[in-house]
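Taking it in order: structure first as structure tokens, then the write-up.
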Amino acid sequence: MNDCRAARSTGAAGRVSLSRLYAEPCGAGGRRGSPRGGRHAASPSKKTACGVCGTICRTWYDQRLRHVRDLPCGAMHVRLAFALRRVACRTCGGVKQERLDWLAENPHYTRRFARYVGKQCRGASITEVAEDLRLDWHAVKAMDMLYMRAQLDVAGPPAPAVIGIDEISLRKGHVYRIIVSDLEAGRPIWFGGADRSEASLAMFYDQLGVARTSEIRLAVMDMWRAFRKGTEAHAPQAAILYDKFHVLRQLNDAMDTVRKAEYKRLTNRADRTFIKGQKYVLLSHRANLSIEKRRALQTLLAANKRLNTAYVLKEQFAQLWEYRSEVWARKFFEGWCKALRWQRLAPFEKFAALIERHWDGIAAYCQPENKVALGFVEGLNNKIRVIQRRCYGLRDEEYLRLKILTCTLPPLPRDQNS
């Protein structure tokens, strides 16, 4: 702080104010008269930095008493009173306020208080933090964004070797944005684009740069053609791996189509009642079902032969990702397709044709170096949905971008909060 001695006084209930006694300036140029009341000696000279250009000035123009909000002490709100100088900067050609590193971008708060507010926003909404600390909603949002930008500065620029590419829907009307994650570091590294097109994905590779793009060895994505083409154009050295969860989602859709067809076929028949309300029982893995659900599944499969065949094929297909050799994985898939013959399961035949067209991107998981955690992308999507639901939607896309990019980053170290 400036050259002055501190005295502490207690004000209204629940608030603590810190007042400072300092020498009044005699005039411009930093010349000082006798101390106030003649009781205190003048403080030594101090260099003052211009708040605009950062030029160091040995003299100062004038100073004013300022009050800023600081870290709370228990249930009490703390405010600091200090003398803020102005300097006649020759570089800027005018009178400017001094630069104080411990002040936040908003001059009404200290930097450590701004980061304290930002840390509170990691687990609570802006409205809740604003009500607890008696702050303006927009001020809390600004401090939260300051905290998240500091987190990204500490994390440093990304240099991914294995990336995951996915899209999220911002709102109704097919409004999409692309999210790229570093699967080895376990953090999202890019959010943007205008849609989920190849041109939008190219914006990520352009921002990453040619040097760091050439270091990418594996790209995990769904079977969206624009993602594959964009990656092949900008990172041709990277192997493409189709996400297991997106593939199994296609298989679950085929299973649900068979269920609907059977329910429609058995109109006015008694065994139709076994199918009604059993959608998620058929789509779930048997190991994840409760005892009651397993009994219902067993009764359903015993009553309907076609659903029994489709369910067995669905459960067997998950074994494909356990192979470490592409040759054995191919033999398993061909055997699975043979078991599908003559079963009159058109949705499953359509799914098998889809796998055949995208076989290279699925068989890539057999390589030992490609055994990466494929659940991070789906887990990140759940985090984003929680963020959107907690905020009842976010209109500020920049704020949403910061929330997504920092949702997996650790909080700032304690020495970063001062």
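The values are calculated or read from the model by the stated rules, or taken from the named source; none is laboratory data. Keep in mind that what you see is a predicted model, and the values were worked out from it rather than measured. Backbone-built Cβ (ideal geometry, glycine too); neighbour counts: all protein chains shown. We work out accessible area using only protein heavy atoms, side chains counted, and drop any ligands, DNA or RNA first. Shrake-Rupley method; radii C 1.70, N 1.55, O 1.52, S 1.80 Å.
Output ³J(HN,Hα) for the stretch 106-111: one whole-Hz value per residue in order, computed from phi by the Karplus curve 6.51 cos²θ - 1.76 cosθ + 1.60 with θ = phi - 60°, and x for Gly and Pro.
7, x, 8, 9, 7, 5
Taking 0.36 nm per residue of sequence separation and subtracting the Cα-Cα distance, how much length would be gained by fully extending the chain between Gln237 and Asp132, in nm to one decimal? Mind showing how you got there, number by number?
Details: separation 105, 0.36 × 105 = 37.80 nm, distance 5.19 nm.
Contour length minus Cα-Cα distance gives 32.6 nm.
Using only helices, what value at 222 nm comes out for the chain when you add -39,500 (n - 2.57) per DSSP H run of length 4 or more and divide by the total residues, to the nearest 500 deg cm²/dmol? Don't jump to the answer; show the numbers that get you there.
On the way: 15 runs with 172 residues, N = 418.
Result for the chain, helices only: -12500 deg cm²/dmol.
Once you list every other residue whose beta carbon is under 12 Å from the beta carbon of Arg171, what net charge do they have if Lys and Arg are +1 and Asp and Glu are -1? Before the final figure, lay out each step's value.
Working: positive: Lys172, Arg177, Arg395; negative: Glu397.
Here the count lands on +2.
Can you tell me the order of 371-384, 283-296, 248-261 when each peptide is scored by its average per-residue count of other Cβ atoms within 10 angstrom, highest first?
On the way: 371-384: 15.9, 283-296: 11.3, 248-261: 18.1.
Top of the packing list down: 248-261, 371-384, 283-296.
Which ³J(HN,Hα) values in Hz, rounded to whole numbers, follow from the phi angles of the stretch 312-319 under the Karplus curve 6.51 cos²θ - 1.76 cosθ + 1.60, where θ = phi - 60° and Gly and Pro get x?
Here the 3J(HN,Hα) series is 4, 5, 5, 5, 6, 5, 5, 5 Hz.
Cys337 versus Arg357, label points 7 Å from Cα toward the beta carbon: distance in nm?
1.4
Simple spin-label model, 7 Å along Cα-to-Cβ: Cys407 to Arg58 in nm?
Each label point lies 7 Å from its Cα, and together they span 5.6 nm.
Modelling each spin label as a point 7 Å along the Cα-to-Cβ direction, I'd like the Trp102/Glu378 distance in nm, to one decimal.
5.1
Hey, of [x] 21.6; [y] 26.9; [z] 24.0, which did the structure itself give for Kirkwood radius over Cα pairs in Å when calculated?
Of the labelled values, this structure produces [y].
Give me the aspartates and glutamates in straight-line cross-link reach of Lys383: C-alpha distance below 14 Å, same-chain residues under 8 apart excluded.
Asp166, Glu167
Suppose R0 equals 41 Å. What FRET efficiency, 1/(1 + (r/R0)^6) with r the Cβ-Cβ distance, do Ala302 and Glu326 give to the nearest 0.05? Spell out each step's value before the answer.
Values: r = 37 Å, r/R0 = 0.91.
Using R0 = 41 Å, I get an efficiency of 0.65.
Once the other residues with Cβ under 9 Å from the Cβ of Asp222 are scored (Lys, Arg +1; Asp, Glu -1), what is the net sum? Write out the running numbers ahead of the final one.
Working: positive: Arg249; negative: Asp166, Glu167, Asp243.
With Lys, Arg at +1 and Asp, Glu at -1, the net is -2.
Which of the pairs Lys244/Lys371; Lys264/Lys350; Lys264/Lys314; Lys260/Lys350; Lys314/Lys338; Lys314/Lys350 have their Cα atoms more than 18 Å apart in this structure? Can you show the working numbers first?
On the way: Lys244/Lys371 12 Å; Lys264/Lys350 20 Å; Lys264/Lys314 21 Å; Lys260/Lys350 16 Å; Lys314/Lys338 14 Å; Lys314/Lys350 14 Å.
Over 18 Å apart, Cα to Cα: Lys264/Lys350; Lys264/Lys314.
Can you spot the lysines whose alpha carbon is less than 24 Å from Lys47's alpha carbon? Ignore those fewer than 8 places along the same chain.
Lys96
If you average 1/r over every pair of different alpha-carbon atoms in the stretch 291-418 and take one over that average, what Kirkwood value in Å do you get? Walk me through the numbers before you get to the answer.
Working: mean 1/r = 0.0523 Å⁻¹.
Taking every pair of different Cα atoms in the stretch 291-418, averaging 1/r and inverting gives 19.1 Å.
May I ask you to order 354-364, 182-192 by the average number of other C-beta atoms within 10 Å around their residues, highest value first?
On the way: 354-364: 16.4, 182-192: 18.7.
Output ranking for 354-364, 182-192: 182-192, 354-364.
Taking H placed 1.01 Å from N in the peptide plane, check which residues at least 5 places from Arg187 or on another chain put their amide H under 5 Å from its amide H.
Residues meeting the criterion, in which the H sits 1.01 Å from N, are Asp182.
Could you work out the local net charge near Leu241, counting Lys and Arg as +1, Asp and Glu as -1, over the other residues with Cβ closer than 14 Å to its Cβ? List each step's numbers first, then the result.
Working: positive: Arg217, Arg228, Lys244, Lys371; negative: Asp166, Glu184, Asp222, Glu232, Asp243, Glu326, Asp360, Glu369.
Here the count lands on -4.
Per residue, how much accessible area does the stretch 240-309 show when a 1.4 Å probe rolls over the protein heavy atoms, in square angstrom? Intermediate values should be presented prior to the final figure.
Working: 4300 Å² over 70 residues.
On a per-residue basis, the stretch 240-309 sits at 61 Å².
Take each of the peptides 140-150, 118-128, average the number of other beta-carbon atoms within 10 Å over its residues, and list them starting from the highest.
On the way: 140-150: 21.1, 118-128: 16.4.
The peptides rank, most packed first, as 140-150, 118-128.
For the stretch 116-131, what does the Karplus curve 6.51 cos²θ - 1.76 cosθ + 1.60, with θ = phi - 60°, yield as ³J(HN,Hα) per residue in whole Hz, taken in order and with x for Gly and Pro?
5, 5, x, 5, 5, 6, 5, x, 9, 7, 4, 4, 5, 5, 5, 5
How much of the accessible area of the chain, probe 1.4 Å, is carbon plus sulfur, in whole percent? Write down the numbers at each step before the final one.
Numbers: 11720 of 23210 Å².
Ligands and nucleic acids excluded, carbon and sulfur give 50 percent.
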